[in-house]
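The values are calculated or read from the model by the stated rules, or taken from the named source; none is laboratory data. As the structure is a computational prediction, the values presented were derived from the model and not from experiment. Note that we place each Cβ from the backbone using ideal geometry, even for glycine, and neighbour counts take in every protein chain shown.
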Ligand code: HEM
Ligand code: HEM
Ligand SMILES: [Fe+2]
């Protein structure tokens, strides 16, 4: 750790991992409800478990991004953080607001929660991923603004590297596009149209800038490759991201009431969206092969390489699979979508956060890298989680293809519930694999407490 | 990457590309906004439809169902449920939940009034009339 103020990243990373555990537990609850429908009903209905699962995911990824920014920006700009106090204050506000929201979901009927929290004044709730009460949404904006102020002031007074500028752009974009979550017209078509300005323009737009910047930072650190080379790659990758991804939003405008021409724009541009993800893979491997130093943190390098590969598989390959309009006509809103959602979120945003945490956490604990046995344990967790997400994706893809076949094709299509009964076996397999994922996650956390072997100090 | 291709060139492609394609996106959005009224039949969005959407949202129906293919995949598509089942069935169904059948997926009881049930149906009816380019592939959704 080169700057004192980088230390504020630590609580952010710890909270991120804690919420990650919660996310997976609720995933397992839902996975079980998929096979035993009345499990925990009516205490935790499926929709409640789902909003806890997905909102915890988003919130912990945001904790991870913020922690990453607080760690990276001082080192990149070669100056202390503008205000570590503000960063800590925002940490607690965000954590408490997040926890209260989750408690609200679990303890209060959703309709009651809505009327308690001002949803009748400005209705924003009850839309996928944006289920948060109005006051939570406002809280997110306040925390984001204070965070952006802190980071921007730091960049302004320090060295302006490309990595820090790209990170900043991505984070500002994240905040700006979140503002569309406050726009909820009573015309469903308009509602859906602009809902995607938050959801798609996040994961296939500005978040990829954050992803690229974080990956570039970790790669510079572990490979020692020249900054000029890495930053050139970074710019080309994010250029391709926005060139393909902005118009690529059209792959969500096929069947929601929007004009037919979106089938062309959406299909063509989103079919090119795998390119930046492929470049990320090539980039990561290329830099590691051209490394100028042997960094003792092998686990961080593994996560960085894994991010490249799995982001390409999940977003690139599984995205492409259903992105052309004639295919999407059949797969739209099936388990194929869920399969893609899981591998893409894991491969891109979970893994890049874990790569950053893997690199930064030892530094924050006063060492260059964890001991050999601790790293071995972490690498085991890498393989357990990654292989299980691959299998979860494969099972859901199989379920999805059968679902399409049974319910949407042929002359005597089955109804939704009848088709679900036919593909139950894949939901069982998914749930079992989910427990392997949990095991990987437990091992990951365990690796932080591994006392065996000597941690490496000075590099 | 070759030496003649500099970081400054890469940066310019990024800024130029981002601005160009964002403006194109705004242009397409503008055009879409002009054509939408003919496709979403907004003249039929009555007060009842508006209230229905509000009930849809405050019960988080999207947390189990898809609506025009977006949402959760735990329960049937409802964008065309009005065509599939009709208004009276929908009202009776919602009022009868949960089924309590052991091991079967359960839908909560929302205690909606008759007026609220009518609003819900009005919203689903309006939704089923949106021009979705012939999606879903068949009546099962
Ligand atoms: C890391 C990047 C990505 C993430 C995290 C991601 C995540 C997701 C998620 C969660 C959904 C479901 C949204 C919903 O609930 O309605 C989705 C839908 C979709 N994604 Fe991605 N995605 C990524 C990149 C891509 C890419 C690069 C492509 C295309 C090549 C793509 C194609 C699609 C399509 C076509 C759908 C709509 C599926 C449907 O019609 O049901 N995604 N994505
Ligand atoms: C490992 C155990 C997990 C299980 C059993 C699980 C299960 C589920 C289930 C049942 C759903 C709801 C699908 C539906 O709407 O019908 C879901 C949604 C989702 N989960 Fe998970 N999940 C797990 C892990 C994860 C992880 C690690 C991530 C992120 C990397 C994740 C991200 C998501 C997302 C983004 C959605 C929304 C998908 C969409 O809208 O298409 N889940 N999960
Ligand atoms: Fe998308």
Can you name the residue in region A:128-139 that is in contact with a helix residue (DSSP H, G or I) (Cβ under 7 Å, 6 or more places away or on another chain) and more than 16 Å from ligand 3 (Cβ to nearest atom) and, of all such residues, is nearest to residue A:94 (Cα to Cα)?
A:139
In region A:257-288, anything in a loop (DSSP other than H, G, I, E, B) and more than 10 Å from ligand 1 (Cβ to nearest atom) is listed as A:257, A:258, A:259, A:260
Considering only region A:258-271, state which residues are surrounded by fewer than 24 Cβ atoms within 10 Å (Cβ to Cβ) and at the interface with chain B (Cβ under 9 Å from one of its Cβ atoms).
A:259, A:260, A:261, A:262, A:263, A:265, A:269
Name the residue, out of A:247, A:238, A:275, A:210, that is farther than 27 Å from residue A:63 by Cβ and either at the interface with chain B (Cβ under 8 Å from one of its Cβ atoms) or buried (at least 24 other Cβ atoms within 10 Å of the Cβ) (or both).
A:247
Taking the residues in region B:41-55 that are part of a helix (DSSP H, G or I) and more than 7 Å from chain A (Cβ to nearest Cβ) as candidates, determine which candidate is surrounded by the fewest Cβ atoms within 10 Å (Cβ to Cβ).
B:43
Please specify each residue of region B:99-141 satisfying the condition of being more than 20 Å from the chain's Cα centre (by Cα) and more than 7 Å from every other protein chain (Cβ to nearest Cβ).
B:99, B:100, B:101, B:109, B:110, B:111, B:112, B:113, B:114, B:115
What is the residue count in region A:36-89 for residues that are within 14 Å of chain B (Cβ to nearest Cβ) and free of Cβ contacts under 8 Å to residues at least 12 places away in the same chain?
9
Subset of region A:408-425 that is assigned to a helix (DSSP H, G or I) and in contact (Cβ under 8 Å) with a residue 40 or more places away in the chain - its residue that is surrounded by the fewest Cβ atoms within 10 Å (Cβ to Cβ):
A:424
Mind checking which residues of region A:338-354 are more than 6 Å from ligand 1 (Cβ to nearest atom) and under 25 Å from residue A:428 (Cα atoms)?
A:338, A:339, A:342, A:343, A:346, A:347, A:350
Checking residue A:429 against (1) without any contact (Cβ under 8 Å) to a residue 40 or more places away in the chain; (2) under 22 Å from residue B:141 (Cβ atoms); (3) touching a helix residue (DSSP H, G or I) at 6+ places or on another chain (Cβ under 8 Å): exactly one of these is not met. Which one?
(2)
Of the residues A:100, A:95, A:106, only one is away from chain B (no Cβ under 12 Å), closer than 22 Å to residue B:65 by Cβ and at pLDDT 95 or above; which?
A:106
Give me a count of the residues in region B:63-89 that are in a helix (DSSP H, G or I) and more than 17 Å from residue B:126 (Cα to Cα).
1
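Yes/no matrix, rows are residues, columns are (1) more than 16 Å from ligand 1 (Cβ to nearest atom); (2) within 20 Å of residue A:207 (Cα to Cα):
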position: A:323; (1), (2): no, yes
position: A:329; (1), (2): no, no
position: A:336; (1), (2): no, no
position: A:365; (1), (2): yes, no
position: A:371; (1), (2): yes, no
position: A:397; (1), (2): no, no
position: A:412; (1), (2): yes, no
Filter pass, residue A:195 being within 9 Å of chain B (Cβ to nearest Cβ) and within 16 Å of ligand 3 (Cβ to nearest atom)
yes
Scanning region B:61-74 residue by residue, the ones that are over 18 Å from residue A:257 (Cβ atoms) and more than 7 Å from every other protein chain (Cβ to nearest Cβ) total 1
With respect to residue B:5, determine if the residue is within 8 Å of chain A (Cβ to nearest Cβ), surrounded by fewer than 18 Cβ atoms within 10 Å (Cβ to Cβ), more than 22 Å from the chain's Cα centre (by Cα) and within 27 Å of residue A:248 (Cβ to Cβ).
yes
Limited to region A:321-366, what total is found for residues that are in a loop (DSSP other than H, G, I, E, B), touching a strand residue (DSSP E or B) at 6+ places or on another chain (Cβ under 6 Å) and closer than 26 Å to residue A:382 by Cβ?
0
Can you tell me which residue within region A:290-321, out of those that are under 20 Å from residue A:210 (Cβ atoms) and within 9 Å of ligand 1 (Cβ to nearest atom), is surrounded by the most Cβ atoms within 10 Å (Cβ to Cβ)?
A:311
For residue A:231, state whether it is out of contact with any helix residue (DSSP H, G or I) (no Cβ under 6 Å at 6 or more places or on another chain) and at the interface with another protein chain (Cβ under 8 Å from one of its Cβ atoms).
no
I want to confirm something. Restricting to region A:325-359 and keeping residues that are within 14 Å of another protein chain (Cβ to nearest Cβ) and without any contact (Cβ under 8 Å) to a residue 60 or more places away in the chain, which single residue is farthest from the chain's Cα centre (by Cα)?
A:326
Over region B:8-36, the set of residues more than 9 Å from chain A (Cβ to nearest Cβ) and closer than 19 Å to residue B:79 by Cβ is none
